[in-house]
């Protein structure tokens, strides 16, 4: 039995692409972006990936790409603190309604033109975008109306990706673990889970089998935002989500066997758990043997027919993060694919 292995999403952008991003010439940007997507997919396939992404080459970031450039946003809402002291921020909604300017199905339509294997697409979870609504409210636009609009837009995006040919759609629920740092009572996490579940309930069971959720600890400028939060508080809530696939960090965890035990307690029939076997912010490339042994450890807790592997996170969720090179990212991906295959041979 083979063990599926998948990328999470983002691949570092090339210097050429970053230069084009800063260039106002839309024709130059389009041409360079197309080359970057083709190269990303071809390199992932050459590494042995059986499912590929476009590397999120066109995204400014994984949090706000759908509304980037909207004129009803101000740059001063929620601050995301990282362990090394740097910060990222989310914008604040100043007027309603919220509408996506970019839907990820356009990325799928491009990727499937070049891919020889199935394509997956990462999309932002509605819980993330809920952070754009300010605590003081928005004149003439209630929070209830805002949430309804966010859910409608998120549903449109996920359906669009599935219809465009994505084998899987992955909800990036990046703020889940972070929410326990912002609100240790767990109330904020529960609100996030409930909101994302409202989206998932709009899909039939066979559609939810093609939907997954990624919950990370942050991976920006070689730093994390919530690795210090105990995932024991997170996992029971996270596994309430009615999705077919979970993508969870493990390589970065200080006690991976404990985490695997916690995951095993939450398993239910019909789901697959992809565990991270490479750490995108570690500058050392994992060896094939390291990956193999991590998979073998995971298999002691998770049945083979419910086990998959992934990277702990995307390699560059923010386009302007130069801390990881494309070469390093692809080297780690090759180690993941080969190590997973070696483990599968030993286990079957």
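Numerical summary
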{"item": "Region 129-158: number of residues that are farther than 19 Å from residue 175 by Cα and without any contact (Cβ under 8 Å) to a residue 12 or more places away in the chain", "result": "7"}
{"item": "Matching residues in region 1-56 - criterion: being free of Cβ contacts under 8 Å to residues at least 60 places away in the same chain, surrounded by fewer than 17 Cβ atoms within 10 Å (Cβ to Cβ) and outside any helix (DSSP H, G or I)", "result": "22, 23, 24, 25"}
{"item": "Total residues in region 202-236, condition out of contact with any helix residue (DSSP H, G or I) (no Cβ under 9 Å at 6 or more places or on another chain) and assigned to a loop (DSSP other than H, G, I, E, B)", "result": "6"}
{"item": "Among residues of region 57-93, those that are in contact (Cβ under 8 Å) with a residue 40 or more places away in the chain and surrounded by fewer than 16 Cβ atoms within 10 Å (Cβ to Cβ), counted", "result": "4"}
{"item": "Strands (runs of 3 or more DSSP E) completely within region 87-198 that count 1 or more residues being in contact with a helix residue (DSSP H, G or I) (Cβ under 9 Å, 6 or more places away or on another chain)", "result": "120-124, 168-172"}
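Results for (1) out of contact with any strand residue (DSSP E or B) (no Cβ under 6 Å at 6 or more places or on another chain); (2) closer than 21 Å to residue 14 by Cα, shown as yes or no for each residue.
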{"position": "61", "(1), (2)": "no, yes"}
{"position": "65", "(1), (2)": "yes, yes"}
{"position": "69", "(1), (2)": "yes, no"}
{"position": "77", "(1), (2)": "no, no"}
{"position": "87", "(1), (2)": "no, no"}
{"position": "91", "(1), (2)": "no, no"}
{"position": "96", "(1), (2)": "no, no"}
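Each value in this text was obtained by applying a stated rule to the coordinates, not by laboratory testing. Since the structure is predicted, the reported quantities are computational estimates derived from the model, not experimental observations. Note: ideal-geometry Cβ built from the backbone for every residue, glycine included; neighbour counts use all protein chains shown.
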